[in-house]
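Let me begin by presenting the structure, written as structure tokens, before commenting on it.
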Protein chains: 4
Amino acid sequence: MLNLKGIYPPITTPFHEDGALDLEGLRFNLAHLSAQPLRGIVAGGSNGEFSSLTIEERLTVVAASRKAWPADRLLIAGSGLETTAATVDLTQRMAGLGADAVLVVTPGYFRNKMSAQALIRHYTTVADASPVPVILYSVPANTGVDLQSEAAAELSLHPNVIGMKDSGGDITKMGRMVYECSSDFQLLAGSGGFFLAALAVGAVGGVMALANIAAEQLQAVQDAFERGDLSAARAAQLPLIALNSAVTARFGVAGLKAALDLIGLRGGLPRPPLMPASPSEIREIRGLLGPAGITPVQA
Amino acid sequence: MLNLKGIYPPITTPFHEDGALDLEGLRFNLAHLSAQPLRGIVAGGSNGEFSSLTIEERLTVVAASRKAWPADRLLIAGSGLETTAATVDLTQRMAGLGADAVLVVTPGYFRNKMSAQALIRHYTTVADASPVPVILYSVPANTGVDLQSEAAAELSLHPNVIGMKDSGGDITKMGRMVYECSSDFQLLAGSGGFFLAALAVGAVGGVMALANIAAEQLQAVQDAFERGDLSAARAAQLPLIALNSAVTARFGVAGLKAALDLIGLRGGLPRPPLMPASPSEIREIRGLLGPAGITPVQA
Amino acid sequence: MLNLKGIYPPITTPFHEDGALDLEGLRFNLAHLSAQPLRGIVAGGSNGEFSSLTIEERLTVVAASRKAWPADRLLIAGSGLETTAATVDLTQRMAGLGADAVLVVTPGYFRNKMSAQALIRHYTTVADASPVPVILYSVPANTGVDLQSEAAAELSLHPNVIGMKDSGGDITKMGRMVYECSSDFQLLAGSGGFFLAALAVGAVGGVMALANIAAEQLQAVQDAFERGDLSAARAAQLPLIALNSAVTARFGVAGLKAALDLIGLRGGLPRPPLMPASPSEIREIRGLLGPAGITPVQA
Amino acid sequence: MLNLKGIYPPITTPFHEDGALDLEGLRFNLAHLSAQPLRGIVAGGSNGEFSSLTIEERLTVVAASRKAWPADRLLIAGSGLETTAATVDLTQRMAGLGADAVLVVTPGYFRNKMSAQALIRHYTTVADASPVPVILYSVPANTGVDLQSEAAAELSLHPNVIGMKDSGGDITKMGRMVYECSSDFQLLAGSGGFFLAALAVGAVGGVMALANIAAEQLQAVQDAFERGDLSAARAAQLPLIALNSAVTARFGVAGLKAALDLIGLRGGLPRPPLMPASPSEIREIRGLLGPAGITPVQA
């Protein structure tokens, strides 16, 4: 069983001014991240704007990431698509490119029909066909679908379903999942805002946008937690929440990319229709870096 | 200005048992629909499972529909994608295949960032580049995005934005849009459940899943409405609501396809992860056909 | 059967500066309203801040309204409370004070438990005990409860349940209710924003905050509708939507009271915690009066 | 500053068959609870059906509870009403009856107008006038109002506002509140489903329906947490979630009362319109007691 314990940034996808993939920027960011206390990366997640990339671009990002990312660190590839068959195909191709595992977002366009039964069938088919372990991914803010504990519990029995990234923030549900899923099912917090809380109810780590800019701070949360020093864990966690909110729910990918620019990495603009962060948003993000223990390099 | 007045079914996409496009089934359905009182069809809408098709499949559906559909009847093609650039490209290709207009759904994955400003920029870029008129498409049940009146009003000033399909069902907003948009902006009801109400506040027609199986009944609503006989219009509209709900919100595309099977057309199964309608759902749909004035052909 | 056809303002409750009931202000407003084309009034509805009054104050408002309001015009009294027993008691007392009918809002604190079964039991008990006809009242924006068509249909069979005020704005549901309820069940639009649409699907009138300031304009909608002139009805309806929104969803009771002040009636302040309308809100409301055909008297 | 650390059941209000208060039942339950590891009780909270009681009944419950509950244990009285003035009055009367503090729920009928500004004015007025400390209470599932961190932070500066019960379950917000509020602001978890998670982000205890039947189990969570044994804390917390859900969100007050009956306390029926728990619901609750370490006494 692949051990997922630890912290993962869902890496962003840099673009050139003309909108094309900026693979040099991607490598630049990965070189920086490889010096951080990270268990691995997620390539092609929500913050990677996977939904704004073509299939070929998604594969290119995974291939380029695999080459640039240390072989002994995990590369988890986002391979979810709106149909089961297409997800199977993309999963297999990403595995072929060296992904250690795949992160499979729930389909969302027909959200009202994504019953437990439909999701169980979907993920079972994907997991049966996947050469690498499958991690479920629930992100209701983007998909309108909240994968519930009952479905997770049944899927956790599949030998190739090893865990779940939960970005919904319903901590009661997360606790229930830890309790109801098989004992080796690995829960990952989907946002830095509730990382400590998720660890408290049994998560083993997190895939968090914030890890792109605050890996050390998040690692400090997990380190303190693991040595039973909850006071220190809390002192590390709480100052991160406002910044986390700024680079996720409030300003989105554009905000995260602006934060990358502020610390000297390759952020740039998201693909339209996403708007760039406004000057006042960037100012606000900048103001939140310091309290979170991050030093901006940009004047 | 293209006159949109009238009724349009968003046609379904039939599949073979192996999941491939069933173009013969598509043509069979279109032959039936061409005998109905329809102003045109929408190919590649939500009920066409556009979100479950590849780009190439979407183009194939439009091309095949254009060949099979009378040249003097409108073919509106669903060309929306998650990015502005990809939507421009698909719009141009669909126009090249003979689409009379395009129906462009709001992007939805980054729903929380789909501000009026972002949507105006998106649609303006698409409309600037489109060789054919653009129809906005708001369907919050699928996308989580509800295109508001302010954005619609500004977009209605664009000479190549001719109307909007609104599936949200907020009749107050629809009235407001009719009032605030340019006088030649054409509102289309997005569901047969509120067709008469939408006409009352100024819609010129509707793109309605129900039109796949009840075109005559919907035309009766519009005919009575236009001659000022509201009592007759109501008598035509009200019996359709329960069936409409069954083939849209309640049972979704699978329900609509089951209804097509029941009346002798080519319904079949939706693509997974969508589940097929269950036997009890099919029984319920069957039971709703009669009260809506539809005779099932299947025993 | 009491014929409800027509327009009703849910009257506001004026307060003195010290917060006490201002019955003289109430009578002043009623004198004005009695010259308007109104079928009746609702005393003690949401816009009457019933939820901010004591039981005794609610009774006082009904008693004072009955004295001041013409005997041949309807007085509908809001008698809903959180328990069935208390609602029965208040209903009987209000009937004793001369209310022609009662408007009974759904309980809301335990909204997640207000199943169809619970609501049917509740309203049946109230209707059994009420000396006057009962009108159901669904206002999900305040209560979180949306009384559905199934419950309404069953309740419509009760001889003492004569109709429903629906403020939810789900026009599809309203059409369904008209179809499924007994033929003499009388639906009243709960907001001026969708009055025409509600009439189109079979409503007989409306209880609308806007009727406090625009009774003639709303009557023009209904008159045109009833003579089958939908174009004129729409021309009367659409300019009212923005103002209606300002005195309901956007600025609430405080906005409605500010509008009353602007046209020379006794508005005043709502009870805290409701905040008064801000100067900029009042300016906006003032700006919306003209387009709706209302002349402010205040400089 | 009153130290709130610990566990509190929001006690239920037993009724006689005719619906009258059953004060003997109340005393019976309190005698049992006084032997449990509880810091205090909340009388007149949501689970006490405060919203279904008259003002006089609410006062009676507080007075009877004070007499029956040990003087050295805390009695927190729910004193919230829909207006600021009425809340002040009830707060003062409850303080006069011996309440150690008051728990003041946000008003909810005008939820869309409960801005931070309105809530700050409301609570400041109440806290200014209250003879005893004030605890804020946010329970969006009942009120539709979620008191946000900004308002809590400002209110935490008031010397008579000592804490908050948060039942919303947004653990990210709770962490943010702990960080942004004054250092002596005491956060209480509002549900047993997220008790451990709330402790992890800085809560000092909890007011939890579940504490009526599982005080020892909840105390075990807090004890293990405080000695830094998160593994034991989790082992105590996780088995409680399903039962907690049954006696709160799923089956509500009726479910909680059924659970009391099952363990030999005075549960009984809730006031209509709340329906009693059905036989199948009671069976399910009974089945959940064992896994949570509770022995039913009823056959």
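The values are calculated or read from the model by the stated rules, or taken from the named source; none is laboratory data. Bear in mind the structure is a predicted one, so any value in this text is a computation, not a measurement. Reconstructed Cβ throughout: ideal geometry from the backbone, glycine too, with neighbour counts over all protein chains shown. In case anyone asks, the SASA skips ligands and DNA or RNA and just uses the protein heavy atoms, side chains included. Shrake-Rupley method; radii C 1.70, N 1.55, O 1.52, S 1.80 Å.
Overview of values
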{"quantity": "Other protein chain Cβ atoms within 10 Å, averaged over every residue that makes up A:104-113", "calculated": "6"}
{"quantity": "Accessible carbon and sulfur surface of region C:150-273 relative to its total accessible area, %, 1.4 Å", "calculated": "51 percent"}
{"quantity": "Accessible area buried at the C-B interface, both sides summed, 1.4 Å probe (Å², nearest 100)", "calculated": "2000 Å²"}
{"quantity": "Dipole magnitude of region A:141-299 about its Cα centre (Cβ charges: Lys, Arg +1; Asp, Glu -1), debye to nearest 20", "calculated": "580 debye"}
{"quantity": "Label distances, nm, residue A:182 versus same residue in remaining copies, Cβ-directed 7 Å point", "calculated": "5.3, 5.9, 6.0"}
{"quantity": "In Å², nearest 10: area of residue A:28 left accessible to a 1.4 Å probe", "calculated": "80 Å²"}
{"quantity": "For region C:1-127, convex hull of alpha carbons as volume per residue, Å³", "calculated": "112 Å³"}
{"quantity": "Residue-averaged beta-carbon neighbours from other chains (10 angstrom radius) around B:234-240", "calculated": "4"}
{"quantity": "Positions from region B:244-286 whose accessible area shrinks by 50 Å² or more when the full protein complex is built, not the chain alone, probe 1.4 Å", "calculated": "B:272, B:273, B:274, B:275"}
{"quantity": "Within the protein assembly as shown: Cβ-based charge dipole about Cα centre, in debye rounded to nearest 20 (Lys, Arg +1; Asp, Glu -1)", "calculated": "0 debye"}
{"quantity": "Proximal lysines to residue A:5, defined as alpha-carbon separation beneath 21 angstrom and excluding residues fewer than eight positions away on the same chain", "calculated": "A:165, A:173"}
{"quantity": "Residue A:250-residue A:89 FRET efficiency (beta carbon distance; Förster radius 25 Å; 0.05 resolution)", "calculated": "0.10"}
{"quantity": "Buried on assembly, region A:176-225 (at least 50 Å² less accessible surface than by itself, 1.4 Å probe)", "calculated": "A:176, A:179, A:200"}
{"quantity": "P(r) weight above 17 Å for region D:1-66, C-alpha pairs, percent", "calculated": "40 percent"}
{"quantity": "Efficiency of FRET between residue A:121 and residue B:125 - r from beta-carbon atoms, R0 41 angstrom, step 0.05", "calculated": "0.60"}
{"quantity": "Kirkwood Rh and Cα Rg combined as Rg over Rh, evaluated for region C:161-205", "calculated": "0.91"}
{"quantity": "Distance (nanometres) between label positions extended 7 Å along Cα→Cβ at residue B:67 and residue C:57", "calculated": "7.4 nm"}
{"quantity": "Computed over chain A, Cα set: Rg, Dmax in Å", "calculated": "17.8, 53"}
{"quantity": "Fraction in percent of alpha-carbon pairs per bin - 5 Å, region D:66-165", "calculated": "3, 14, 26, 25, 18, 9, 4, 1, 0"}
{"quantity": "P(r) histogram, all alpha-carbon pairs of region C:175-266 included - 10 Å bins from 0, percent", "calculated": "17, 44, 30, 8, 0"}
{"quantity": "Centre separation in Å (Cα based) which lies between region A:105-156 and region C:133-196", "calculated": "38 Å"}
{"quantity": "Dipole of chain B, positive direction: furthest Cα of B:152, B:109, B:172, with charges on the beta-carbon", "calculated": "B:172"}
{"quantity": "Other-chain or far-sequence residues with amide H under 5 Å of residue A:163's (modelled H)", "calculated": "A:136, A:186"}
{"quantity": "Rounded accessible area per residue of the protein assembly as shown, 1.4 Å, Å²", "calculated": "33 Å²"}
{"quantity": "Solvent accessible area, Å² - residue A:245, 1.4 Å probe, full protein context", "calculated": "20 Å²"}
{"quantity": "Debye log10 I(q)/I(0) at q = 0.17, 0.20 Å⁻¹ for region B:92-234, Cα point scatterers", "calculated": "-0.94, -1.22"}
{"quantity": "Residue order for A:285, A:263, D:282 - accessible surface, 1.4 angstrom probe, largest first", "calculated": "D:282, A:263, A:285"}
{"quantity": "Shortest-first nm distances, residue B:35 label point to equivalent points in other copies (7 Å, Cα→Cβ)", "calculated": "6.5, 7.5, 8.1"}
{"quantity": "Diffusion coefficient, µm² s⁻¹, Stokes-Einstein with Kirkwood Rh over alpha-carbon pairs of region B:214-299 at 10 °C and 1.306 mPa s", "calculated": "118 µm²/s"}
{"quantity": "In nm, spacing of pseudo-spin labels at residue A:280 and residue B:18 (7 Å Cα→C-beta vector)", "calculated": "5.8 nm"}
{"quantity": "Global size of region D:255-299 as Cα Rg and Dmax, reported in angstrom", "calculated": "10.4, 32"}
{"quantity": "Cα-based convex hull, the protein assembly as shown, per residue volume (Å³, whole number)", "calculated": "167 Å³"}
{"quantity": "Solvent accessible area, Å² - residue A:121, 1.4 Å probe, full protein context", "calculated": "80 Å²"}
{"quantity": "Cα-centre dipole for region D:207-299 with unit charges at Cβ (Lys and Arg positive, Asp and Glu negative), debye to 20", "calculated": "300 debye"}
{"quantity": "Estimated Rh, region B:51-113: Kirkwood, alpha-carbon pairs, angstrom", "calculated": "12.2 Å"}
{"quantity": "Charge dipole (chain B, unit charges on Cβ, about Cα centre) - positive-most of B:214, B:253, B:75", "calculated": "B:214"}
{"quantity": "Selected from A:196, A:240, A:274, residue furthest toward positive end of dipole (region A:184-299; charges at beta carbon)", "calculated": "A:274"}
{"quantity": "Pairwise label distance in nanometres, residue D:32 with residue D:297, each label 7 Å out on the Cα-Cβ vector", "calculated": "0.6 nm"}
